[in-house]
Structures are given as structure tokens and as C-alpha cells.
Amino acid sequence: MIDTRTDPDSYRHWRLRFEPPIAYLILDVQEEGGLFPGYKLKQNSYDLGVDIELYDAVQRLRFEHPEIRSVVIESGRDRVFCAGANIGMLGTATHQHKVNFCKFTNETRLGIEDASEGSGQRYLTAISGTAAGGGYEVALASDLILLADDGSSAVSLPEVPLLGVLPGTGGLTRLVDKRKVRRDRADIFCTLEEGMKGRRALEWGLVDELIPKSRFAEVVKERALALAETSDRPEGAKGVELVNVDRQVGADQITYSRLRVELDRELGVARFVLLGPDVGAPESLEEVENLGVSFWPLELVRQLDDAILHLRLNESRLGLWLFASEGDAERVMEHDRFLERFRDHWLVREILLFWKRTFKRVDVSARTLFTLLEPGSCFAGFLAELVFAADRSYMFEGDREGLEAEPAALRLSELNFGPFPTPNGLTRLETRFLGDPERLKESLGLIGEPLEAGRAEEVGLVTMAFDDIDWDDELRIAIEERVSFSSDSLTGLEANLRFPGPETFESKIFGRLSAWQNWIFQRPNAVGEEGALRRYGSGLRPNFDSERT
């Protein structure tokens, strides 16, 4: 089982050093520390285990260290920054693992950019040595890239000529969309095994500054301090320790304090049941700081994030995810109003940004998503985003025989209209009503109103509503039909339908790039017996089939 929970005392590949307002995130990969046997992590190359630690470090810097305003990513090794994803791992990994590895690393790089844009925690990458493939892609997620001018330090994206695959964590897109590198130059750069160094790397926009080796550390610190000056993170604030999420994994259920996931492996279904708060919202920010990770919105989002990653990496045959909820909707709305009221406070901002990233993780998961609004559910305020993220939403109309619970009701809030954009840059309601802007305006007028099934269906906020007579049969038919379809065609269908409207470099990464990489990872030119990933390091050149498809 792959476990994404870790902490700095358990890191094998990263070190953190603090010189407030700067933190140094130092990559020093242990060769024998691979997640699986059969390969060595040479030249600071990485596998999923290395990236799990990076994800954890970025999260902890945001929540535990409000005093940190800029972060320097650097290597703990001489003459090498990072050789990118480990080729031995890629050559032997299952297709499912390779694709999920790329998806997770993409989300982690985007998390770095989100920290810079949303949290005011700015990132700088200091490259002294070789930054190849995924190593350079880490740097591309930063605000600034500094390269040592020592005659050997270089950046490269050698995947096409060397491995027969693509730069898998957004490198192509960040070159032309983020750094605005001319596409003809990007074409040359991405077909050079050796990459580029020195003056040409600077002139082509591949790095931001070229620094003499003798002054490298000094200038890196100067630039990090200058980045810190642009941050609005507070001085003297108390951070929140991210103690590891407590998770109990049983044969057919995963249990957390605020979430349970019921597993039906025979049918291929996982049912997420989100549990609402036991009490109303706090009365002050001081109370939230004292609650720490026990503050309900933070507690729940950490558990949901953990469960999504656990199912992605360990339960690939559970292709249909059902989202349900239980609890007092008014208490959810109280917490929602608290988050809206104090959204400019650094900690509340971080919690909202965490929810934004987690909702996006739902969006790009290659699973069918159905949301069920049943009696006693609490899809209100920000939790309603799971209704709008779903491929379909079903709502129970009226009372359920034999069940003493409030009728299902959907409640909108201000938070459904801004803080949680999808990868296409629009809110889920904007995406939902892309062709009907009047419905979007109408939804604004429904904020706070408990919308029972008939009304919610009428205004277009749920897919279908069924009463007690039809609910069980209609839901059974929908689920059984869905799981009978080809999982491959469903993955393509869902990814194509979830992000209408404008395209961003984020939607390109998860739509265009990921789709092509998924295909390429199955082609003989990459993974066949004579393919590039199989023959890499053997002394034999790959034998490419030249036929274009």
C-alpha cells in the first residue's frame, strides 16, 4: 500500500532549513530510498516517494510557518540539481502507476504556484548543476529560476529524444504559456538531449538570471529576500501543526473522524460520506488558532484529500465515486459564513485555498463522480461544490420512509461564486451555466435559501430528483449501467466534459498533456521491449517504429 502521509522527521530525500523570512528546501535524494525495489535514485532523480515528501513540505510551509515569505529550492549535491523522474522506475512501473505518478507531481507543482499566487509564499529555484526533465519542471513552477554560470550547469527537457515520452509535469506548457518562450525555440530546446546552459539559456528565457559561481549563494539569498518583500504573510503569527491524519483502513471501509469511505469492490464503487460539524462555528479567530487541525473545515479537507490520494494510488478498480454527506446543514452554513467573513486572515485563506486544491483534485481524478443529496445530508455552502463537481447529481425528494431526518436541501453561499475555480479558471457554477448566464444570475439570488429537490432541479442545480418510490431503483440502474461501460472510454468522456469554456495552462496540463502522455506510455516506442524506457541505460539504442498515427 502506498501511503502519502509523512512528516519532516521521516523525510529521506528533502531537508528544510529556516532563516526567516526564507526557508530552504533542499533536495538530497537517497539512492537506496526508492518507493519500490529494483531501481536506484541516482543523480537526485525522483520517484513518487520523493514527490510525496515535497507535497508534504509545501503544505507544512503554508500552514506551520506563516513567518516564511519565500522558499528557495536547491540541491544538496554537487554538480547536479535533479535528474528528473527516475527512468528505472518509469521503465518497470505499471501503466496505472506511471499515470498517477505524473498526475500527483503535476498537482504538487501547481500547489507550489498556488502557494506563490494565493498564499504570498514565493518560490525561487537555485540551479547549480544539471536540471534535467522533471528537475527542470520543478524549477518551472517557481517565480524565479537562477542558474549558476560555471560552464556546466544546464537545464533540459530531454524526454522526447532520450526516452520517447513527453515532459510529464507541465514542462511544455509552462515553457510557452507561463514563460512565453518562442515556440520555435521551445521546439529546439525540447529535442536537445544536453539542454542549454549559460548565456543562451538566459537569452531564450529558460532561466531568469545567470549568476557567477563565486557569488551564487549570496545572490540567491538577496533575490529570496527581495521576493519576501512582495509577500503579505504576517509576522509573529502562530502556525498550525499538521499532525498526521488518523486513518483506519478496514476490509471494506476507510474511517476518519469526519469522513468514512465505504468500499464495494465487487461493484467497483467507493462511497464517500462527509460528516458535518458537531457544533456551530467558532466565535473568534483566536478560537480557530487554538483548535488548529481540529477546526472542522481544516480537519475534513485534510481527510478528504488523504482519502482521494489513497483511492487513486491503491484502489484503481473502484471506478465510481459516490459523494454523500450527513449532518446539520445550518452548522455547515455557520462555518461557511465564518470562512467568508475572515477570508483575508492568513489561516482562513490557507484553509480556503486547501479546499480549492482538493476540489480540483476531485475534478481531475479519473473516476466517475456522482453526488447524492439524501435526507439528513448537509451539502451547504462550500460543501455544495461537490454537487457541482459531479458528473451527475441525484437528489431525494421528500421524506424517506422509516428515516427520521430532514428532507434533502441544497444551500448556496457567497463561497460558491469565486474562491473555488476549476482548472478552466471558472467557478463550477459558471461552468455549469456556461450557455445560460441568466441561470447563473438567478443562482446568486438563491444564496442561503434551502432548496429542496423540486426547486433545486427546476433551477438547474442538480441533475435529477426522485421520490421514495423511485430512488432505490433509479440509483441502482444508474450505478450498474455506469460500471458496465469501458473504463477507458469513461475516462476520456469525463475529462472532455468537465472543463468546457476557456483553456488555461492548468487545463492544458490535465487535459491535453496528460491525455497524450497516457497514450504514449502504452506505445511500443516508449515501453515495448525495444522501446526507449526499456533500453535506457543498457547501451542499446531504442528501435522506434516510424509510423505516424
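Numerical summary
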item: Antiparallel content of DSSP bridges confined to region 304-428, in %, to 5; result: 10 percent
item: Carbon plus sulfur fraction of accessible area for region 153-211, probe 1.4 Å, in percent; result: 48 percent
item: Accessible carbon and sulfur surface of region 396-549 relative to its total accessible area, %, 1.4 Å; result: 48 percent
item: Exposed trypsin sites (Lys or Arg not before Pro) absent: longest stretch of the chain, with sites in DSSP loops and at most 11 other Cβ within 10 Å deemed exposed; result: 318-547
item: Shape category assigned to region 87-216 from the gyration tensor of Cα positions, a/c cut at 1.5; result: oblate
item: Mean-position separation - Cα centroids, region 398-467 and region 85-106, in angstrom; result: 38 Å
item: Mean residue ellipticity (222 nm) of the chain, computed from DSSP H runs ≥ 4 via -39,500 (n - 2.57), nearest 500; result: -11000 deg cm²/dmol
item: Distance-filtered residues of region 68-94 - backbone nitrogen under 15 Å, label point 7 angstrom along E530 Cα→Cβ; result: none
item: Normalised contact order of region 305-382, rounded percent, pairs of Cα under 8 Å and 6 or more residues apart; result: 57 percent
item: GluC sites (Glu not before Pro) restricted to DSSP loop in region 245-302 with at most 13 other C-beta within 10 Å; result: E266, E283
item: Under 5 Å, built H, 5+ apart or other chain: amide partners of T427; result: T422
item: By accessible area with a 1.4 Å probe, ligands and nucleic acids excluded, highest first: order of L35, L369, L444; result: L444, L35, L369
item: Rounded accessible area per residue of region 420-500, 1.4 Å, Å²; result: 53 Å²
item: Considering only the chain, percent of DSSP beta bridges that pair antiparallel, nearest 5; result: 35 percent
item: Along principal axes, Cα extents of region 450-549, largest first, whole Å; result: 67, 32, 24
item: Accessible surface, region 80-159, averaged per residue in Å² (probe 1.4 Å); result: 20 Å²
item: Label zone at A478, where the point sits 7 Å out along the Cα-to-Cβ direction: region 429-465 residues whose backbone N lies under 11 Å; result: 462-465
item: Per residue accessible area in Å² of region 287-371, where ligands, DNA and RNA are left out and the probe is 1.4 Å; result: 29 Å²
item: Region 241-261 and region 281-302: distance between their alpha carbon centers, rounded to Å; result: 18 Å
item: Loop-located GluC sites (Glu not before Pro) in region 396-469 whose Cβ has at most 16 other Cβ within 10 Å (DSSP); result: E401, E404
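The values are calculated or read from the model by the stated rules, or taken from the named source; none is laboratory data. For clarity, every value in this text was computed on a predicted model and none was experimentally measured. A quick note on method: Cβ atoms are made from the backbone with ideal geometry, for glycine too, and the neighbour counts reach across all protein chains shown. Please note that ligands, DNA and RNA were not included when accessible areas were found on the heavy atoms of the full protein model with its side chains. Shrake-Rupley method; radii C 1.70, N 1.55, O 1.52, S 1.80 Å.
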